[in-house]
Structure formats: C-alpha cells, structure tokens
1. I need the full set of residues from the stretch 124-149 which are under 18 Å from VAL19 (Cα atoms), modelled with pLDDT of 95 or more and open to solvent by 50 Å² or more (accessible area, probe 1.4 Å), in order please.
2. State yes or no: is PRO76 closer than 21 Å to GLU33 by Cβ and either among the basic types (Lys, Arg) or exposed (fewer than 13 other Cβ atoms within 10 Å of the Cβ) (or both)?
3. Kindly indicate whether LEU62 is in contact with a helix residue (DSSP H, G or I) (Cβ under 9 Å, 6 or more places away or on another chain) and surrounded by fewer than 20 Cβ atoms within 10 Å (Cβ to Cβ).
4. If the requirement is being assigned to a helix (DSSP H, G or I), basic (Lys, Arg), on the phi < 0 side of the Ramachandran plot and within 15 Å of the chain's Cα centre (by Cα), which of these qualifies: ARG149, ARG106?
5. Take the residues in the stretch 101-123 that are out of contact with any Gly (no Cβ under 9 Å at 6 or more places or on another chain) and small (Gly, Ala, Ser), then tell me which one is modelled with the highest pLDDT.
6. Going by what's in this entry, would PRO99 be described as of a type outside the set (Gly, Ala, Ser), touching a strand residue (DSSP E or B) at 6+ places or on another chain (Cβ under 7 Å), surrounded by fewer than 19 Cβ atoms within 10 Å (Cβ to Cβ) and part of a loop (DSSP other than H, G, I, E, B)?
7. Go through the stretch 112-123 and report how many residues are out of contact with any His (no Cβ under 9 Å at 6 or more places or on another chain) and buried (at least 18 other Cβ atoms within 10 Å of the Cβ).
8. When you scan the stretch 1-91 for strands (runs of 3 or more DSSP E) that lie fully inside it, which ones turn up with 2 or more residues that are at pLDDT below 90 and in contact with a Ser or Thr (Cβ under 7 Å, 6 or more places away or on another chain)?
Amino acid sequence: MIALQAPPAETAPAPAAPVRAQYGWGYSGPEGEGVGTLSLLMDPSSGRLVAELHGLGERLLLLEGDRAAGYRVQVPRQGLDQRAATLGALPVPFLPQLPSVEALLRLLGTGEGPGVSVLKKDAQGPLKLHWRGKDLRGREEQVWLERKRWEASR
C-alpha cells in the first residue's frame, strides 16, 4: 500500500522588509553635469518611498509618499511640485522613470530596468549601476549610481 502525502500548504511569501539605502550619484544630460548623494527609504509592503537627492549642499529632489496617499515630487531648481496617485505617473527628473517602489527595489537590488546596466557587483548585488535614457523632454541623459549603504530593516 502506498501512503499518499498531502502537498505542503502554500504559504504567502513574507512581505519584503523596508530598505534604507544610500548611493553616490552622477548625472550627465541637458541640465549639465553633477554629482551628489541619493538617500532612499523604500517599503514595498506599503509602497512607502522617501527619496532625497542632494548635490553641492542643496536638495535637488524630494520624492515621498505611499500607495494609500499617493506620491509627491519636489524639484526646487525647476519649480516642480507635483502630486500623483501612483509613482509611475510622476515626472521624476535625474532618475529612471519607474512604476512602483517594487520596481525601484528590483532596479537597485538586481539591476533590472529599462536602460540600466550593472557595471560592478558584489555579494549583495549591484554595486555600480548605469542608466541611459531620456529626460522628460525627450533629451538624452545618463545617471551613475554607486551603492554606499544597503540596510534591510526587520
């Protein structure tokens, strides 16, 4: 007689933990060239995102929000202050356009994304990333990111 075993119960994957990350950032495009620091707090379970881009002692970009309340981007130099229900609906200068916090985590954690190439990896994943794409006006631009810190909360 053959004993039949029930298949293991399917369990939902544990929600991904919030991540704090910091990157060295380089930019080349129609707005000029620059370097700075990109600091991120990403929580895929709520869609929460806080992204600050600083260059030469000034905030170039603040992007914050979550899935429930929507998102807001502020770019003081360009006079941009805009809100949208989804991350993908916002114009985000100086960075690749992404539809969600999960897509941003995938880009930073694995190097997956349109126009993105991984220049260097370590045991944690992509250490240096390069993105080539178009700005909001359709002009060519490039961004380089170098991971300085990656910290998953528990």
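1. Correct list: LYS128, GLU146, LYS148, ARG149.
2. yes
3. yes
4. Numbers: ARG149 fails: assigned to a helix (DSSP H, G or I).
Step by step, each of ARG149, ARG106 is checked, and only ARG106 is assigned to a helix (DSSP H, G or I), basic (Lys, Arg), on the phi < 0 side of the Ramachandran plot and within 15 Å of the chain's Cα centre (by Cα).
5. Step by step, filter the stretch 101-123, then rank; the result is ALA123.
6. Values: of a type outside the set (Gly, Ala, Ser): yes; touching a strand residue (DSSP E or B) at 6+ places or on another chain (Cβ under 7 Å): no; surrounded by fewer than 19 Cβ atoms within 10 Å (Cβ to Cβ): yes; part of a loop (DSSP other than H, G, I, E, B): yes.
Against the criterion (of a type outside the set (Gly, Ala, Ser), touching a strand residue (DSSP E or B) at 6+ places or on another chain (Cβ under 7 Å), surrounded by fewer than 19 Cβ atoms within 10 Å (Cβ to Cβ) and part of a loop (DSSP other than H, G, I, E, B)), PRO99 does not qualify.
7. 1
8. In the stretch 1-91, there are no strands (runs of 3 or more DSSP E) which contain 2 or more residues that are at pLDDT below 90 and in contact with a Ser or Thr (Cβ under 7 Å, 6 or more places away or on another chain).
The values are calculated or read from the model by the stated rules, or taken from the named source; none is laboratory data. The model shown is predicted, which means the values in this text are computed figures rather than measured ones. Backbone-built Cβ (ideal geometry, glycine too); neighbour counts: all protein chains shown. The protein model used for the area step is the full one, side chains on, heavy atoms only, and it has no ligands, DNA or RNA in it. Shrake-Rupley method; radii C 1.70, N 1.55, O 1.52, S 1.80 Å.
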